[in-house]
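The values are calculated or read from the model by the stated rules, or taken from the named source; none is laboratory data. Predicted model, so just to flag it, every value in this text is computed and none were measured. Every residue, glycine among them, receives a Cβ derived from its backbone with ideal geometry; neighbour counts consider all protein chains shown. In case anyone asks, the SASA skips ligands and DNA or RNA and just uses the protein heavy atoms, side chains included. Shrake-Rupley method; radii C 1.70, N 1.55, O 1.52, S 1.80 Å.
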Amino acid sequence: MSPPERGSELEQLELELLLEAVWRHYGFDLRDHARPLLLRQLRRYLREERLDTLSALQGRVLHDADALEGLLRALAGPPRPLFADPAFFRSFRERVVPVLRTWPSVRVWHAGCGSGEETYALAILLMEEGLWGRCRLYASDSSEGLLADARTGAVPLPEEEEARHYLEAGGRRALSDYYTRDGNWAVFARPLREGIFFTQHNLATDGSFNEFQVVLCRDTLLAYNRALSHRVHKRLYESLSRFGFLCLGRKESISSTPHAAAYEEIEDSGRVFRRVA
């Protein structure tokens, strides 16, 4: 029997059954992920795993927890380079850091941190700006495997482009000052590794777990449909202290969310919003 055609009713049925099975068996709710992006990711994953159908993937995932972890990694996408968006980090230095300096302590939550590259970039920035000693940086993801990678503090050895992005982001030293080389890997310095609290948290199902002055959730919401996006925005809003900062990806916005009136966008900041109500 040949695989179902792309976009066919059978493929759609297989997709719904796969998502429902993952939810019932493991408690991971992928049912409100945006379908076009989700299907593209799953089709690519089928090719990589040499599987013909989503039904075959469902059978593997239900009987092998490691296969679920592989699926979650595939949906997370490839790791981001360090300082992949230098304009955002420079704007954060210029617009957010001066405010953070006026507060006695700062709690930061990076939601959807993946394997931690952007989290470590933010940690380097906070250290350079003299805020590391009074910051508590929490980073969360639904994938325990990605979190395990992040906790090691090891990333592929940065290339010249990443070092250049670090300087464009306002970096004050050499990027290599923050890691030691181990073959083809860079291992971040102990103060950085030990100062980040990586924790499992599913934005689709878990509630707020603290109050934060800064929340980063960048390019994660793109994977969600409107209903889930609104629910997640509610959790982010509930987690953010008054006058705190919400940092989104460049293609994301709060304009169509129920909490849009509670924020003002920081001018020329690259999607940094401040809660004002």
Looking at ARG190, ARG218, which one is in contact with a Gly (Cβ under 9 Å, 6 or more places away or on another chain) and more than 18 Å from ALA111 (Cα to Cα)?
ARG190
So, in region 156-168, exactly how many residues are out of contact with any strand residue (DSSP E or B) (no Cβ under 9 Å at 6 or more places or on another chain), over 13 Å from TYR120 (Cβ atoms) and either of a type in the set (A, V, I, L, M) or part of a helix (DSSP H, G or I) (or both)?
7
Please go through region 6-34 and pick out each residue that is touching a residue at least 24 places away in the same chain (Cβ under 8 Å) and either touching a Phe, Trp or Tyr at 6+ places or on another chain (Cβ under 8 Å) or aliphatic (A, V, I, L, M) (or both).
LEU15, LEU17, LEU18, ALA21, VAL22, ASP29, LEU30, ASP32, HIS33, ALA34
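Which of the residues belonging to region 163-192 are on the phi > 0 side of the Ramachandran plot and surrounded by fewer than 14 Cβ atoms within 10 Å (Cβ to Cβ)?
Listed by number, the list holds a single entry, GLY183.
Counting only residues that are surrounded by fewer than 20 Cβ atoms within 10 Å (Cβ to Cβ) and in contact with a strand residue (DSSP E or B) (Cβ under 8 Å, 6 or more places away or on another chain), which one in region 118-134 is modelled with the lowest pLDDT?
Checking each candidate, the answer is ARG134.
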Candidate set from region 49-68 (those that are surrounded by fewer than 17 Cβ atoms within 10 Å (Cβ to Cβ) and under 23 Å from the mean Cα position of the chain (by Cα)); member that is nearest to LEU222 (Cα to Cα):
ALA67
Condition (residue is in contact with a Gly (Cβ under 7 Å, 6 or more places away or on another chain) and acidic (Asp, Glu)) applied to region 68-77: is it met by at least one residue?
yes
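Based on what the data block shows, is GLY114 free of Cβ contacts under 8 Å to residues at least 40 places away in the same chain, among the small types (Gly, Ala, Ser) and crowded, with 18+ Cβ neighbours inside 10 Å?
yes
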Within region 238-270, residues closer than 19 Å to PRO98 by Cβ and either in a helix (DSSP H, G or I) or open to solvent by 50 Å² or more (accessible area, probe 1.4 Å) (or both) come out as ARG242, PHE243, GLU264, GLU265, GLU267, ASP268
Can you tell me which residue in region 18-28 is nearest to SER229 (Cα to Cα), limited to those that are buried (at least 17 other Cβ atoms within 10 Å of the Cβ) and out of contact with any Asp or Glu (no Cβ under 9 Å at 6 or more places or on another chain)?
PHE28
Please go through (1) at pLDDT below 95; (2) open to solvent by less than 20 Å² (accessible area, probe 1.4 Å) for VAL96 and return the number of the only condition it doesn't satisfy.
(1)
Only residues that are among the small types (Gly, Ala, Ser) and assigned to a helix (DSSP H, G or I): list them for region 5-44, please.
ALA21
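Name the single residue that is farthest from TYR263 (Cα to Cα) among those in region 178-237 being assigned to a helix (DSSP H, G or I) and in contact with a His (Cβ under 8 Å, 6 or more places away or on another chain).
In this case the residue turns out to be ALA223.
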